[in-house]
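Trainee: Got a structure here, written out as C-alpha cells. Questions coming.
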Amino acid sequence: MGKMSDSITDEPNPSARETCPVPPPFPPPPSTSYCRPKTGPAPEASFATHVPVSRATRDIWERLFDEGYRSDVQILTSNDVPIFAHANVLGMASPVLRGMLKQAKTRSDGRKSISVKGVPHDAVRAFIRFLYSSCYEKEEMEEFVVHLLVLSHVFVVPELKQICIESLERGFLTTENVVDILQLALLCDAPRLSLFCHRMIIKGFREISGTEGWRAMKQSHPVLEKELLESMVEEDNREKERVRRGKERKIYLQLYEAMEALVHICRDGCRTIGPHDRDLEKNQQPCSYGACRGLEQLVRHFAGCKLRVPGGCSHCKRMWQLLELHSRLCADSSLCRVPLCRVVMLLLVLQEFQGEDEEAKQEGRD
C-alpha cells in the first residue's frame, strides 16, 4: 500500500512532459448561428467564468436540445407538436418556467407537460433553444423577432429581450409596423424601443398616420393616439421655437457685427469715411469687417439725408437704432469716437426720467 501511494504522489517525468507537445485545438465547424456572450459580474472565486465558452461546449448544449436526451418536459405549442426539454435547464433559465413546472402534473411517461401557445411553433422552438445555448439563427430572428420579444418578456429572459430590441432598432422597423411595435414595446416594458418608435413616428408622421397600423391603433387605443398627436404638436412648437431663436441669434449676430463695424469706421477709418483727425492711406487693404461696406453706405446716407429724424427715412431710422444700441452698450461716451453717442445717451436718460415721472404722476392720481 505504501508503494502504491508513493507512486501516485510522485511527480511526472519532466523529460516526458517536454517530449509530448500539446496538440492545437480543432477548428470550429461552419455555422450561421449567432451566440450571445454571457454578461454580468463574474464571481471572484471562480476562474472558469473568465474563460469564453468554447464552440464544443455550445455544440453539446445544442445536441442536448435537438436530441432531447433524457428529457423530462414536453412543451405543447399552437400546432400541438411537442418540444422536448429538461426541467433543470428551463427552471434555471426562466423563473416563470420554473413556477410553471412546479405546478405541472407528471404524465404517465414521467414527463411534465406545459403549454406555450399564441405564437408559432418555430418561434417557441427558437426561444427554448436560446435558453440552452444562447444561440439563434439570423433567419429565425428576422422572422420571429416580435414573437421572441413577447416570449422573452413573459418568461423573463432579459438577454434575449435585449437582442430582440437591438434587432428591431437596427432595421426591422418600417413605416408599416412601427405603430404596432410601439404598442408592443409599451406592453413589454421596453422604454428604449418605445422611445425609438416614438421618434420615428414623429419624424414620419405624415406617412405613418395613413397606414393600417395607425387606423387600427386609433380604434383600439385612442388614448395613445391622443398622446402621439399631442407630442406632434409639442414637437412642432419646439421646432418653431428653434427657428425663432435661430432668427433672433442671426439678428443679434448681425447687430453685433454692425456695432463692431461702426466703431471701426469711426475709430480707424474705412475706405472713404474715417475720423476727422486722421487721413486715410492711399493703398489701404480691404476691410476685414463683413458689415463695414453696407454700414459705410448707411453712414454716408445719414450724413446727407434731409429727413434725418427718427420715423422719417427708413435708412435713417435704422441708423438711429444702431446709434441708440451703441449708446446703450458704450462704456464711456465722453471718449467715444462714434458721432452723437453722448447726445443719444443723454436723450435716453431723459426719456427714462420722463417715463419715471409719468409713472409717479399716474400713481398719485390713483
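Trainee: Check which residues have an amide H placed less than 5 Å from residue 115's amide H, if you skip close sequence neighbours.
Mentor: 76
Trainee: About the Cα centre of the range 90-211, how large is the charge dipole given +1 on each Lys and Arg Cβ and -1 on each Asp and Glu Cβ? Please answer in debye to the nearest 20. Before the final figure, lay out the partial values.
Mentor: Working: 16 positive and 14 negative charges, 136 e Å.
So the dipole magnitude of the range 90-211 works out to roughly 660 debye.
Trainee: Could you rank 89, 243 by how accessible they are, 1.4 Å probe, largest area first?
Mentor: 243, 89
Trainee: Work out how much length residue 96 to residue 108 would gain on full extension: take 0.36 nm times their residue separation and subtract the Cα-Cα distance, in nm to one decimal.
Mentor: Numbers: separation 12, 0.36 × 12 = 4.32 nm, distance 2.42 nm.
Result: 1.9 nm gained on full extension.
Trainee: Using a 1.4 Å probe and counting only protein heavy atoms, arrange 154, 178, 299 so the residue with the most accessible area comes first.
Mentor: The ordering from most to least exposed comes out as 154, 299, 178.
Trainee: Counting only heavy atoms of protein chains, what accessible area per residue, in Å², does the range 153-221 have with a probe of 1.4 Å?
Mentor: Values: 3820 Å² over 69 residues.
I get 55 Å² per residue for the range 153-221.
Trainee: Follow-up. Taking a 25 Å limit on the Cα-Cα distance, which of the listed pairs 203/226; 117/218; 117/226; 250/317; 102/138 fall beyond it?
Mentor: Over 25 Å Cα-Cα: 117/218; 117/226; 102/138.
Trainee: Just the accessible area for residue 244, please: 1.4 Å probe, Å², rounded to the nearest 10?
Mentor: Accessible area, nearest 10 Å²: 100 Å².
Trainee: First measure r as the distance between the Cβ atoms of residue 251 and residue 175, then evaluate 1/(1 + (r/R0)^6) with R0 = 45 Å and state the FRET efficiency to the nearest 0.05.
Mentor: With a Förster radius of 45 Å, E is 0.70.
Trainee: Using a 1.4 angstrom probe on the protein heavy atoms only, could you order 323, 347 from most to least accessible area?
Mentor: Working: 323 5, 347 85 Å².
Putting 323, 347 in descending order of accessible area: 347, 323.
The values are calculated or read from the model by the stated rules, or taken from the named source; none is laboratory data. Nothing here was measured: the structure is a model prediction, and the numbers come from that model. Every residue, glycine as well, gets a Cβ built from its backbone with ideal geometry; the counts of neighbours run over all protein chains shown. Accessible surface is based on the protein model in full, side chains and every heavy atom, while ligands, DNA and RNA are left aside. Shrake-Rupley method; radii C 1.70, N 1.55, O 1.52, S 1.80 Å.
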